[in-house]
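One structure below.
The numbers here are math on the coordinates, done by the rules we state, and not lab data. Being a predicted model, the structure only gives us computed values, none of them experimental. A quick note on method: Cβ atoms are made from the backbone with ideal geometry, for glycine too, and the neighbour counts reach across all protein chains shown.
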């Protein structure tokens, strides 16, 4: 009798977390199903291994600044990329449409994470297929975390840009940083105790010698001071032109000459 | 080690910045530095303290986090679809129960809901929480102390503190009250 009770207790202890994990997995799958139908009209993404990988910390140190790297296996077939933070209230962090000057092998960016979530990356191929992959990460509170500066101060320097690149002909990689608080409307102003109105970068365009590298549509899941790492087809000279626009219709433009030896 | 030191430092900083406890409900801004005390209640400043308190006393966790609200002036066409709420496993989610401006009938409805959840047992251990720097949980805990609950605890670290400790979260729907 006692053995039976022991076994029963043990069974409960062992199966309860498993049941909860399965339940959670089902809830996450349901959430993605609903989201995907909102984001993609028509054919839905198919989860296939080997096309794209997501690198991100399993446990983020700062939920308002989670680094994510997307790596595509065959860059010739990529037309565009989506990054979705499933459990965020506004989940589409970025849609990146590549142009002829792009080398869409690796893209890096930083996102906000509101609660434990799956990240989904979706590749749109040149022939119109949608292929997805997912990764579960743990972080919470990234959407309501206040910025590091007072709002009016942060907006003063908005639009300032920096670009760093490693210039090897044929395989250039650049890191673009745009100063912008990316207010999402869910952050409390620490001085006035009111919500800072939403105002965030909604698009970034990068061109190399007049040819599109990418057009990026972003929303409030992108972290403040958007930092985008990307590859482009460089012949070692010329100019990278960057244009950014926020939801208040402010636009910023800057040209970055490419130094022969890289800077 | 570094994390532990940072946590200690942050706790010290919080304690230093903590305002004194108001006599009744807090009627100021609901988001901001919270006191380190709550007369008549146990204060649980860390997720570990909350976890131990809940399991030792089979305490009822009550989450008073607000419902998600779409901010104004979002870009047109953006997708807004809040996911199901995640909080401490076993919690009852009573959104907004800590607002000082709660109408008397709503405040009573909150107490009625807690009475149902505790089966009218005023000796039941209860842990109230929402987010870090959230007066809502302080006020809701205060309401329960004033209503005569003998074992009220207030967990000030909130859902984010719980998640930062890597503890599991449940998905939940709000309890109507």
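Here are a few things to note about the model shown:
- Taken along the Cα-to-beta-carbon direction at a fixed 7 Å, the label points for residue A:108 and residue B:80 span 3.4 nm.
- Cβ-Cβ FRET estimate between residue B:17 and residue A:77, R0 fixed at 51 Å, reported to 0.05: 0.40
- Between residue A:177 and residue B:58, the modelled label-to-label distance comes to 5.5 nm, taking each label 7 Å out from Cα in the direction of the beta carbon.
- Projected label distance in nm at residue A:55 and residue A:129, using a 7 Å step from Cα toward the beta-carbon: 2.5 nm
- Taking every alpha-carbon pair under 8 Å whose residues sit at least 6 apart, chain A reaches a relative contact order of 19 percent.
- Computed over chain B: relative contact order in percent, which uses C-alpha pairs under 8 Å that are six or more apart: 31 percent
- Fewest-first sequence of A:161, B:74 by Cβ atoms within 10 Å of each Cβ: A:161, B:74
- FRET efficiency, residue A:136 to residue B:115 (Cβ-Cβ, R0 45 Å, nearest 0.05): 0.75
- Order of B:144, A:155 - criterion: other Cβ atoms within 10 Å of each residue's Cβ, fewest first: A:155, B:144
- Equivalent ellipsoid semi-axes - Cα gyration tensor, region A:86-217, angstrom: 29, 21, 12
- Sorted into 10 angstrom bins from 0, the C-alpha pair distances of region A:26-257 split as 8, 33, 36, 20, 4, 0 percent.
- Compared with the dominant Cα axis of chain A, that is its longest principal axis, helix A:2-39 is turned about 30°.
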